[in-house]
Amino acid sequence: MRIGKQEGAFTAIATSDAHSITVRGHDLCADLIGKIDFTDYFWLLVLGRRPTDTQRAVADACMVAIAEHGLVPSVQAARMTLAAAPEAWQGAMAAGLLGMGSVVAGSSEIAGRYLVEVVADARRDGVDLNSAARRSLEGLKAQRAKVPGLGHPQHSAGDPRANVLLAFADERGVSGDHVACLRALGAEAPGIMNLPLPINVSGAIPALMLDAGWPIEAMKGIPLLARAAGLVAHLYEESQRSIGFIMSHKADQAIAYDGPAAHGAGGKTA
């Protein structure tokens with residue numbers, strides 16, 4: 001049974017024959033290996049063209065900012081998977097990447113889509129970004145919803161990674177409508193939401209990448225690729241000096257059982 005669209009059976013990414021491998025119109029061996037760095041190659045693979053120097057610098061800065069963040073749940077899942085199955089690096093990597101969702105790392109995509117929405121609303125209605133930001137924030141408040149890209153449980157005075165990225169965008173001349181929208185949201189949100197809501201790194205990354213020309217549809221790929229590098233570091237360390245079972249044991253100690261007591265024969269507590 002055929003499911004989904006059956007037309008358009010083409011790919012523009014890569015092909016090969018007995019003599020060559022072609023990637024995005026370039027001979028892999030003659031044009032790319034040893035002649036292009038990985039960030040350029042990533043951009044070429046996704047968009048079909050090499051980045052400008054500024055686009056490369058923005059992508060590098062964003063991925064460096066998000067690659068490592070300590071023993072977050074996705075890293076713990078990866079390390080404990082490797083501890084239980086030391087032969088399965090691919091399984092441990094998958095465990096870590098699967099844990100990247102709306103709360104950890106995957107939040108960049110959510111924030112990016114929100115920025116795109118607010119910018120589009122401002123353009124459609126012919127209003128400035130501050131007005132569009134206020135209107136959107138008031139709508140979120142009425143829904144008791146969180147503001148994507150703002151707030152941080154630890155860095156309540158301001159996410160230092162976001163601050164550096166935004167300053168970098170200004171220095172490189174990247175800051176456009178999406179960075180301006182993020183700043184408008186950051187300025188308006190505390191007063192409307194009555195909460196300290198600094199711009200966080202999950203807001204800064206999509207703002208920079210969007211203004212640099214990266215598509216929102218591929219935004220999740222930025223933190224996924226970056227965190228993959230961090231996971232390799234954690235899994236290598238796990239293979240050398242394991243803490244997976246230590247974390248598992250600490251969880252047993254930290255989490256108390258509050259379910260019903262077991263009962264033996266005759267209804268007496270065992």
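Numbers at a glance
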quantity: Accessible-area composition of the chain, carbon plus sulfur, in percent [1.4 Å probe]; calculated: 58
quantity: Distant alpha-carbon pairs in the stretch 40-118 (separation over 15 angstrom), percent; calculated: 68
quantity: Residue-normalised accessible area of the chain, given per residue in Å² at a 1.4 Å probe; calculated: 56
quantity: Solvent-accessible surface (1.4 angstrom probe) belonging to Val104, in square angstrom, nearest 10; calculated: 30
quantity: Ellipticity estimate at 222 nm from DSSP helix runs (n ≥ 4, -39,500 (n - 2.57)) divided over the chain, nearest 500; calculated: -18000 deg cm²/dmol
quantity: Local electrostatic count at Ala132 - Lys and Arg +1, Asp and Glu -1, tallied over other residues with Cβ under 13 Å; calculated: -2
quantity: With at most 16 neighbouring Cβ atoms within 10 Å, loop GluC sites (Glu not before Pro) (DSSP) excluded, longest segment of the chain; calculated: 88-270
quantity: Cleavage-rule hits (trypsin sites (Lys or Arg not before Pro)) in the stretch 5-76: DSSP loop, at most 16 neighbouring Cβ within 10 angstrom; calculated: Lys5, Lys35, Arg49
quantity: About the Cα centre, charge dipole magnitude for the stretch 115-270 (Lys/Arg +1, Asp/Glu -1 at Cβ), debye; calculated: 400
quantity: Area of Ile21 that stays accessible when all protein chains are in place (1.4 Å probe, Å², to 10); calculated: 70
quantity: Cleavage-rule hits (chymotrypsin sites (Phe, Trp or Tyr not before Pro)) in the stretch 197-270: DSSP loop, at most 11 neighbouring Cβ within 10 angstrom; calculated: Tyr257
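The values are calculated or read from the model by the stated rules, or taken from the named source; none is laboratory data. All of these numbers come straight from a predicted model, not from anything done at the bench. Note: ideal-geometry Cβ built from the backbone for every residue, glycine included; neighbour counts use all protein chains shown. With ligands, DNA and RNA removed, areas are computed over all heavy atoms of the protein, side chains included. Shrake-Rupley method; radii C 1.70, N 1.55, O 1.52, S 1.80 Å.
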